[in-house]
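The values are calculated or read from the model by the stated rules, or taken from the named source; none is laboratory data. This is a predicted model, so every value here is computed, not measured. All Cβ positions, even for glycine, are placed from backbone atoms using ideal geometry, and neighbour counts span all protein chains on display. Calculation scope for accessible area: heavy atoms of the full protein, side chains included, ligands and nucleic acids excluded. Shrake-Rupley method; radii C 1.70, N 1.55, O 1.52, S 1.80 Å.
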Amino acid sequence: MIKKLLISCIVFVQLTGCVEKTTEVKTEKGPNVVLILTDDLGIGDLGCHGNPWLKTPNIDSFYSEAVRMTDFHVSPLCTPTRSAIMTGQYPINNGAWATFKGRDALTRNTQTMANIFKNNGYKTAMFGKWHLGDNYPVRPTDCGFDTAIHHLAGGVGELSDYWGNSYFDDVYYVNNEPKQFEGYCTDVWFNETKKYIDKNKDSEQPFFVYLPTNAPHDPLIVAEKYAEPYKQFEGKEIINANLYGMIANIDENFGKFDAFLKDRNLDKNTILIFMSDNGTRYGYSADGKLGYNRGYRGIKGSKLEGGHIAPFFIRWPNGKIEGGKDINTLTAHVDLVPTLAKLCGLSIPEDIKLDGVDFSSLLKPQSGELDERTVFLHNRQDWRPPMDEDQTCILKNQWRLVNGKQLYDIIKDPKQKNDVAVENPELVKQLLADNSEFLKATKQNPIYSELPVHVIGNDTQEEIKLTIQHAIGEGGGIWKPEQVSEGMKNINNTHAIEVEQDGEYLISCRRWPKECSGPIWGIPAINPKGLFNYKSIHPDKVRIQIANQILEKEIKVDDEEVLFKVKLEKGKTLLINDFIEGDNMYGVYYTYISKLN
């Protein structure tokens, strides 16, 4: 072990983004931590979980060496799970409970897992998918990560991401600056992780690496060689061969990464975790006729078991966490912060209110027990808070109370076909009482009703970018660049803003993103990789409303942007911006805001 100087002082630092409270009292180098989080990989999307078609030999090998949490639960969608992992709080308590409509970002001054590791002397880095905010103050670098290489929004190539990204040879953000990369997205994340570890492996500081892949989230794109072995099953046994190809590529990268750790003699003192963020999306059909879901009903988005039970494998040889054993205790995403803190000897500030519990005692050879607990799954695809009972799942031991009404014994009835609520009225009553008590405290939290904000006027990010993908409103989702390129209109038009400094601000309203600009009435001169079918739209005016001001301008034939100069005072406000076309109004696709003076 490399000895470190004892530091007994406690320093409190107010960062410009997430709060960082530095407390370091470590006397020796702790374990490295690598958390690999896949996207939309369901409980049945692995060979080691019994999938009869998919081959994942490298993950299967890790499975045989790891401790497996067999009753581990996440939220049924990506942002809520990611927010719970990073904060140790349920999404309804950290505010990021949706994947769009202004509730797909953390709240300013949130303390994250990365903050905790960093404040305890760790180097911190992330590579891949963040999906907890694209602007200051909740980008990865604002929330405790020293190094961050990632795409924007919820997936590579979404309309908020760099225009023209397509999984191959894309532009990703390196500490918030765009940079061209070569190769397939998953390969890039793993390769950049290895480069980072090689650079930092001999440091006296241990490292925490968060590696959230965007695969196998759709669009289902992968090199043909990975999908080809599964083409024979497509439409007969499975839904899509490309999904399996994407997972095969993850498996190949995972195998190379594990071999890399062993080659560098890092595997023994590295806590390595493999997990996923929610149920499968294309690995199992709704009628159960195609694909494999390990005997469960429900896929991504569902409160049925298949929507939220997730693989969770962890190995740490030096910590005696190994041996290929199953732990059947109910655990959840909110438990990772307290569990990793305990394993790594990290100090957590007392003012952080965690919802999770430390399950580290379960992982050791002489495994302990956890107190009986209730786990709560609340999320909603809206700016409005999740419902109290409808669209929820309350978990306790083997019991699942879905929508506050249907009760299932998941051991006896994994497909959840036999509602036993009538036979167990006292249990239903107790689970609803647990939920009511939980919500009573939740609703006292300002985050429950206050929207996460994009901060303008802070030197950390001189210009912020707002997109219709994240806009608040009553319209449905719009997230694909193809929808923008073809002129799809959407009424979502509102963004929550916090003005950091009094002053004059410039607001630019655009049809196209700056990196692929074109006239509002026309199309860009460039079509990256030939991906898009461009169509023109013809709004007459742009109208914005902000801080008790309503401003409107006509659009001219060659305008690529309509500019507004507005004087704003420090504080929180809402920006509403619309294109006006005759009697119709729809949200502006891209908006950029910067401070003039």
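List pairs: first residue in segment 357-384 and without any contact (Cβ under 8 Å) to a residue 60 or more places away in the chain, second residue among the aromatic types (Phe, Trp, Tyr) anywhere in the structure, Cβ distance under 7 angstrom, at least six positions apart or on different chains.
From residues that are without any contact (Cβ under 8 Å) to a residue 60 or more places away in the chain, the pairs are Leu370/Phe359.
If you check Lys514, Lys529, Lys553, Lys541, which single one turns out to be on the phi < 0 side of the Ramachandran plot, touching a residue at least 40 places away in the same chain (Cβ under 8 Å) and open to solvent by 50 Å² or more (accessible area, probe 1.4 Å)?
The unique qualifying residue is Lys514.
Report whether or not Ala433 is assigned to a helix (DSSP H, G or I), of a type in the set (Gly, Ala, Ser) and over 25 Å from the mean Cα position of the chain (by Cα).
So Ala433 fits the description; yes.
Give the residues of segment 274-286 that are touching a residue at least 24 places away in the same chain (Cβ under 8 Å) and surrounded by fewer than 19 Cβ atoms within 10 Å (Cβ to Cβ), sorted by residue number.
The one that is touching a residue at least 24 places away in the same chain (Cβ under 8 Å) and surrounded by fewer than 19 Cβ atoms within 10 Å (Cβ to Cβ): Ser285.
Out of Asn435, Asn418, report the one residue that is among the polar types (S, T, N, Q) and out of contact with any Ser or Thr (no Cβ under 9 Å at 6 or more places or on another chain).
So the residue among Asn435, Asn418 that is among the polar types (S, T, N, Q) and out of contact with any Ser or Thr (no Cβ under 9 Å at 6 or more places or on another chain) is Asn418.
Within segment 443-466, is even one residue surrounded by fewer than 17 Cβ atoms within 10 Å (Cβ to Cβ), at pLDDT 95 or above and either of a type in the set (Gly, Ala, Ser) or in contact with a Leu (Cβ under 7 Å, 6 or more places away or on another chain) (or both)?
Yes.
Of all residues being within 35 Å of the chain's Cα centre (by Cα) and small (Gly, Ala, Ser) in segment 546-597, which is farthest from Gly457 (Cα to Cα)? Just the residue, please.
By that ranking, first place goes to Gly587.
Give segment 218-235 a look and list any residue that's crowded, with 23+ Cβ neighbours inside 10 Å and either among the acidic types (Asp, Glu) or under 30 Å from Leu340 (Cα atoms) (or both), or say none.
Hits for segment 218-235: nothing passes.
Considering only segment 577-592, I want to know if a residue exists there that is open to solvent by 10 Å² or more (accessible area, probe 1.4 Å), touching a helix residue (DSSP H, G or I) at 6+ places or on another chain (Cβ under 9 Å) and among the charged types (D, E, K, R).
no
Grab the strands (runs of 3 or more DSSP E) fully contained in segment 93-181, keeping just those with 1 or more residues being surrounded by 22 or more Cβ atoms within 10 Å (Cβ to Cβ), in contact (Cβ under 8 Å) with a residue 60 or more places away in the chain and not charged (D, E, K, R).
Per the criteria, 123-128.
Name every residue in segment 182-235 that is farther than 15 Å from Ala125 by Cβ, touching a residue at least 60 places away in the same chain (Cβ under 8 Å) and part of a helix (DSSP H, G or I), in order of residue number.
Result: Thr186, Asp187, Pro229, Tyr230, Phe233.
Out of the residues in segment 282-298 that are within 20 Å of Asn418 (Cβ to Cβ) and out of contact with any strand residue (DSSP E or B) (no Cβ under 8 Å at 6 or more places or on another chain), state the one that is modelled with the lowest pLDDT.
By that ranking, first place goes to Ala286.
Trp512: in contact with a His (Cβ under 6 Å, 6 or more places away or on another chain) and in a loop (DSSP other than H, G, I, E, B), yes or no?
no
With a cut-off of at least 3 residues that are surrounded by fewer than 23 Cβ atoms within 10 Å (Cβ to Cβ), name the strands (runs of 3 or more DSSP E) lying wholly within segment 287-384.
Counting at least 3 such residues, we get 325-327.
Here is a check on your reading of the model: is Asn214 in contact with a Lys or Arg (Cβ under 6 Å, 6 or more places away or on another chain) and surrounded by fewer than 18 Cβ atoms within 10 Å (Cβ to Cβ)?
no
Just give me the residues in segment 236-252 being under 28 Å from the mean Cα position of the chain (by Cα), touching a residue at least 40 places away in the same chain (Cβ under 8 Å) and open to solvent by 10 Å² or more (accessible area, probe 1.4 Å), in sequence order. Spell out how you get there, then give the answer.
Just the residues of segment 236-252 that are under 28 Å from the mean Cα position of the chain (by Cα), to begin with: 238-252.
Keeping just the survivors that are touching a residue at least 40 places away in the same chain (Cβ under 8 Å) gives 238-240, 243-244, 246-252.
Within segment 236-252, Ile239, Asn240, Ala248, Glu252 meet the criteria.
Within segment 10-18, identify whether any single residue is under 29 Å from the mean Cα position of the chain (by Cα), more than 21 Å from Asp267 (Cα to Cα) and at pLDDT 50 or above, and answer yes or no.
Yes, segment 10-18 contains a residue that is under 29 Å from the mean Cα position of the chain (by Cα), more than 21 Å from Asp267 (Cα to Cα) and at pLDDT 50 or above.
Of all residues in segment 471-492, which are polar (S, T, N, Q) and open to solvent by 30 Å² or more (accessible area, probe 1.4 Å)?
Hit for segment 471-492 is Gln483, nothing else.
Can you confirm whether segment 257-264 contains a residue that is open to solvent by less than 20 Å² (accessible area, probe 1.4 Å), within 24 Å of His333 (Cα to Cα) and in contact with a Gly (Cβ under 6 Å, 6 or more places away or on another chain)? It would help to see each step written out before you state the result.
Going through segment 257-264, the residues open to solvent by less than 20 Å² (accessible area, probe 1.4 Å) turn out to be 257-258, 260-261.
So of that shortlist, the ones also within 24 Å of His333 (Cα to Cα) come out as 257-258.
From the residues that got through so far, the ones that are in contact with a Gly (Cβ under 6 Å, 6 or more places away or on another chain) too are none.
Checked segment 257-264: no residue is open to solvent by less than 20 Å² (accessible area, probe 1.4 Å), within 24 Å of His333 (Cα to Cα) and in contact with a Gly (Cβ under 6 Å, 6 or more places away or on another chain).
Could you list, in sequence order, the residues of segment 60-89 that are open to solvent by 10 Å² or more (accessible area, probe 1.4 Å) and touching a residue at least 60 places away in the same chain (Cβ under 8 Å)?
Selection gives Ser61, Tyr63, Ser64, Glu65, Arg68, Thr70, Asp71, Leu77, Gln89.
Name the residue that is surrounded by the fewest Cβ atoms within 10 Å (Cβ to Cβ), counting only residues in segment 182-210 that are farther than 23 Å from Lys268 by Cβ and of a type in the set (A, V, I, L, M, F, W, C).
Here the answer is Val188.
For Asp419, indicate whether it is under 18 Å from Tyr296 (Cα atoms) and either acidic (Asp, Glu) or touching a residue at least 40 places away in the same chain (Cβ under 8 Å) (or both). Walk me through it before giving the result.
Numbers: under 18 Å from Tyr296 (Cα atoms): yes; either acidic (Asp, Glu) or touching a residue at least 40 places away in the same chain (Cβ under 8 Å) (or both): yes.
When the stated conditions are applied, Asp419 passes them.
Might you let me know whether segment 402-415 holds any residue that is in contact with a strand residue (DSSP E or B) (Cβ under 7 Å, 6 or more places away or on another chain) and within 30 Å of Leu574 (Cα to Cα)?
No, segment 402-415 has no match at all.
State whether the residues of segment 296-317 include one that is touching a residue at least 24 places away in the same chain (Cβ under 8 Å), over 20 Å from Ser276 (Cα atoms) and aliphatic (A, V, I, L, M).
Residues of segment 296-317 that are touching a residue at least 24 places away in the same chain (Cβ under 8 Å), as a first pass: 296-317.
Imposing the further condition that a residue be over 20 Å from Ser276 (Cα atoms) reduces the set to 317.
Filter once more, keeping what is aliphatic (A, V, I, L, M): none.
Looking for residues that are touching a residue at least 24 places away in the same chain (Cβ under 8 Å), over 20 Å from Ser276 (Cα atoms) and aliphatic (A, V, I, L, M), one finds none in segment 296-317, hence no.
Collect the residues in segment 392-409 that are touching a residue at least 12 places away in the same chain (Cβ under 8 Å) and surrounded by fewer than 19 Cβ atoms within 10 Å (Cβ to Cβ), keeping them in residue-number order. Talk me through it step by step, then tell me what you get.
Taking segment 392-409 and keeping what is touching a residue at least 12 places away in the same chain (Cβ under 8 Å), we get 392-408.
Scanning segment 392-409 gives Lys396, Asn397, Gln398, Asn403, Lys405, Gln406.
Would you be able to tell me the number of residues in segment 43-59 that are in a loop (DSSP other than H, G, I, E, B) and surrounded by fewer than 19 Cβ atoms within 10 Å (Cβ to Cβ)?
Of the residues in segment 43-59, 4 are in a loop (DSSP other than H, G, I, E, B) and surrounded by fewer than 19 Cβ atoms within 10 Å (Cβ to Cβ).
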